[in-house]
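The values are calculated or read from the model by the stated rules, or taken from the named source; none is laboratory data. Just so you know, these numbers come straight off a predicted model, no measurement behind them. No Cβ is skipped: glycine too gets one built from the backbone with ideal geometry, and neighbour counts run over all protein chains shown.
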Amino acid sequence: MTVVNLQYYAQLREQAGTSSEQFTTGASSLRDLYEELRVARGFSLAADALKVAVNAQFSAWDRPLRDGDTIVFIPPVAGG
Amino acid sequence: MSRFELSGAAVDTTGQRDRLRHPASGGYCAFEGWVRNSNEGREVDGLSYEAYAELAIAEGERIVAEAIERYGVTDARCVHRTCDLKIGDMAVWVGASAPHRDEAFRACRYIIDEIKHRLPIWKKEHYVTGESDWVACTHVYREHEHEDHHAHHQHAQTQPFVPDYSRQTRLRDVGEAGQAKLAASRVLVIGAGGLGCPVISYLAGAGIGTLGIVDGDRLDASNLHRQTMYNASDIGQYKAELASRRVAALNPTVNVRIWKELLTAANAVEVFGQFDLVVECTDDMRSRYLSSDAAVVSGTPLILASIYQYEGQLQFVAAQPGTPCMRCLWPQEPAPEAVGSCTLSGVLGPVPGVLGAMQATEALKYLLGLPQPNAGALSLVNLIDLSIQHLPIDAANGCVAHGGCVAVARRALARAVDEEAIDLAFDRLDDAVAAGFRLVDVRNAEEWASDPMPVVAALQVPSAQVMERAGEFADGRYLLVCASGRRSGHAARLLRDESMQNVYSLAGGLNALRVAG
């Protein structure tokens, strides 16, 4: 199992009900982790609609997870 | 027939008035300017007007036409005297007739203000002492819509306004040289709403030479909690016009150009080319993509921001080779349902204020040549925990794989030009039905219940289900309708991608109908 720090923005924050949380996962990649969270947190957006960053750098979805990673999921927003 | 005249003889006010009579006019309003016996403390016993006639007539015609268009009056006319006049003589006559008095008063006021400001007419005052002096009829200060101000306020402004930029020129990095750069700068602000209000205000205050303002919307009461340039009495007026008046009141030395409709794929590159920097402040994803594409193709830097509830995103697009554009990060326009909006998701008023102030700061830094260490990043601003996170965007992972930003942007603009034929404007839904369209309400079930369409739709298909129910749009032409035109526009584009050329979207949605009605 891997323990990661998650940060949520915009719609994801709203749906998760929190800006951040520590999460223990059996997922091996960012994509698998997000699919797990879609079920666990009820996220409506598909991974392809989002950007993901790990440790303050944008990342590809196939990146493997490491203990202690800080992972940020970012949806596009349009308000103005 | 000409509506503006220069006249060497006395004005025939009765004849002028009769030419404004029209069955649709419920009233008429006139302004007469007379020669008075003193000016700035000197006694005057007469004056002479000299005009650059050709230019004055052309400009006068333009001013009257602007007033008719701007206030929707039935007709308007103006006569300006030339030659020698005595105390009490009429120097200028303005008249406007309209269905309602308010427009007539406003049009009159607009014409006389613009005439005094713009017409190449000079007056020579003859003083009782026997001396005489040429006095320019133009003055820098002009603000339309004076109804909100007290008369004494106007008198305080008879001297030309001289801006004082000392609080910013005192900064070592600004100085007089920096101020000169700002004065020579041309900045286009797209969207005069929650983000645009601080951007426009701060850039006008800073003494930007030319501000372009693009906004197709009229002010709504629901805007006022976050759009701080406007008053409750402004509701229903075009924001671009309100914003230009605000700039004129704040810093009359700034030139303002306004667009009362969003730019199109056909004109955006050309318009961007007329500015040094563009600040994108709309709440419209299509406008953002259009701005990114036009910035890249025209080589004009762009500052993007958008907000969601308590947070925002900021990106500076340098529009230079090797730097990322918006498509490097978000290659395709997301579905409107995915991105949220102030209308559907809500927003705390100061959130766009903070992001807009950041855009204004970035704009000034860029124009002054100050460092922008996070210029190539997506900045995530969270106003719940007051954090800002900068995520560098690697241009090498972006549009490069698809031929580079410029090639990607050119293709997107070409496609958008084709798509613009999708968005159709109607004043009333009845007109669309009369034109043979079948109406499709693509809003969700709650909206159908809470806010029924003024004309019963032939079909009700929520925008998210449009693709799976595409088979229902078989015969005839369909006009998709939502609240703002965004969801219907996106759905219509998806259907067009499936070769359904018989599908259109109501531009501006039901909101636009309400304003027009």
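Tabulated data
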item: Matching residues in the stretch B:453-473 - criterion: being assigned to a loop (DSSP other than H, G, I, E, B) and either closer than 16 Å to B:Ala491 by Cβ or in contact with a strand residue (DSSP E or B) (Cβ under 9 Å, 6 or more places away or on another chain) (or both); result: B:Met453, B:Val455, B:Val456, B:Ala457, B:Ala458, B:Val461, B:Pro462, B:Val466, B:Met467, B:Glu468, B:Arg469, B:Phe473
item: Breaking point among (1) of a type in the set (Gly, Ala, Ser); (2) under 27 Å from the mean Cα position of the chain (by Cα); (3) part of a strand (DSSP E or B), for B:Gly46; result: (2)
item: Positions within the stretch B:278-298 being within 14 Å of another protein chain (Cβ to nearest Cβ), assigned to a helix (DSSP H, G or I) and of a type in the set (S, T, N, Q), in sequence order; result: B:Ser287, B:Ser291, B:Ser292
item: Test result for A:Leu37, touching a residue at least 40 places away in the same chain (Cβ under 8 Å) and away from chain B (no Cβ under 14 Å); result: no
item: Candidate set from the stretch B:299-335 (those that are farther than 21 Å from B:Gly196 by Cα and not in a loop (DSSP other than H, G, I, E, B)); member that is farthest from the other protein chains (Cβ to nearest Cβ); result: B:Arg327
item: Lone unmet requirement of (1) over 22 Å from B:Asp283 (Cβ atoms); (2) out of contact with any Asp or Glu (no Cβ under 9 Å at 6 or more places or on another chain); (3) free of Cβ contacts under 8 Å to residues at least 60 places away in the same chain; (4) of a type in the set (A, V, I, L, M) for B:Ala491; result: (1)
item: Of all residues making up the stretch B:260-277, the number that are outside any helix (DSSP H, G or I), among the hydrophobic types (A, V, I, L, M, F, W, C) and modelled with pLDDT of 95 or more; result: 2
item: Residues of the stretch B:420-440 that turn out to be surrounded by 13 or more Cβ atoms within 10 Å (Cβ to Cβ) and under 23 Å from the mean Cα position of the chain (by Cα), as a count; result: 4
item: Extreme residue, nearest to B:Val455 (Cα to Cα), among residues of the stretch B:475-501 that are out of contact with any Pro (no Cβ under 7 Å at 6 or more places or on another chain) and either outside the structural domain of B:Ser463 (by TED's automatic domain parsing) or of a type in the set (Lys, Arg) (or both); result: B:Arg477
item: Of residues in the stretch B:81-131 being assigned to a helix (DSSP H, G or I) and touching a Lys or Arg at 6+ places or on another chain (Cβ under 6 Å), the one surrounded by the most Cβ atoms within 10 Å (Cβ to Cβ); result: B:Asp113
item: Residue among B:Ile384, B:Ile388, B:Ile393 that alone is in contact with a helix residue (DSSP H, G or I) (Cβ under 7 Å, 6 or more places away or on another chain) and either assigned by TED's automatic domain parsing to the domain that holds B:Arg226 or more than 22 Å from B:Ala414 (Cβ to Cβ) (or both); result: B:Ile393
item: Candidate set: the stretch A:6-32, residues that are under 22 Å from B:Val339 (Cα atoms) and away from chain B (no Cβ under 14 Å); chosen: the one surrounded by the most Cβ atoms within 10 Å (Cβ to Cβ); result: A:Leu30
item: Odd one out for B:Ser387 among (1) within 14 Å of chain A (Cβ to nearest Cβ); (2) within 25 Å of B:Ile190 (Cα to Cα); (3) hydroxyl-bearing (Ser, Thr, Tyr); result: (2)
item: When residues of the stretch B:198-233 are limited to those that are under 14 Å from the mean Cα position of the chain (by Cα) and of a type in the set (D, E, K, R), the one surrounded by the most Cβ atoms within 10 Å (Cβ to Cβ); result: B:Asp215
